[in-house]
Amino acid sequence: MLYESERKVLGLIWDNEGIPAKELARLLEPSGWSRSTTYTIISRCIEKGYVRREGKYQCYSQISREDAQKQSIQETLNDFFDNSVTRFFAAFTESRNLSNQEREQLKDMIDSLK
């Protein structure tokens with residue numbers, strides 16, 4: 001499972017491949033994170049295989065943003081919708097006021113699956 005804190009760290013790494021851990025800590029400071037919190041989350045990401053560290057603690061992603069999104073979506077489907085895309089789609093569309101353009105885009109996506 002990819003937690004919000006891990007997504008924050010990964011987001012910064014995706015945008016700044018090879019970023020030093022101390023720079024990650026500096027960027028996350030305004031969020032109220034201490035240096036040790038940042039290093040703990042980096043270590044957790046390394047243990048899970050999401051991040052690798054090289055040289056003087058430069059951090060590189062081991063998972064793409066797209067693969068992380070797919071993993072999170074699959075976990076959401078499993079955890080909240082009994083792995084049912086239909087239930088997920090119903091909940092998603094009922095909870096939002098979709099524009100005509102969004103409805104057309106979704107319709108085109110579904111039609112392309114045929």
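The values are calculated or read from the model by the stated rules, or taken from the named source; none is laboratory data. If you're wondering where the values come from, they're calculated on a predicted model, not measured in any experiment. All Cβ positions, even for glycine, are placed from backbone atoms using ideal geometry, and neighbour counts span all protein chains on display. These accessible areas exclude ligands, DNA and RNA; they are computed on the full protein's heavy atoms, side chains included. Shrake-Rupley method; radii C 1.70, N 1.55, O 1.52, S 1.80 Å.
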Exercise. What pairs can you find where one residue is in segment 56-83 and more than 18 Å from Arg44 (Cβ to Cβ), the other is of a type in the set (Lys, Arg) and in a helix (DSSP H, G or I), and their Cβ atoms are less than 7 Å apart, with a gap of 6+ or different chains?
Worked result: Phe81/Arg87
Seminar exercise, completed: So the helices (runs of 4 or more DSSP H) completely within segment 1-88 holding 3 or more residues that are within 28 Å of Leu113 (Cβ to Cβ) and open to solvent by 80 Å² or more (accessible area, probe 1.4 Å) are 65-81
For this session: Six or more apart or on different chains, Cβ under 8 Å: which pairs go from a residue in segment 88-103 that's closer than 22 Å to Ser72 by Cα and of a type in the set (S, T, N, Q) to one that's in a helix (DSSP H, G or I) and open to solvent by less than 90 Å² (accessible area, probe 1.4 Å)? Could you list them?
Result: Thr93/Leu106
Exercise. Across segment 75-114, what is the number of residues that are of a type in the set (Asp, Glu) and within 19 Å of Met1 (Cβ to Cβ)?
Worked result: 3
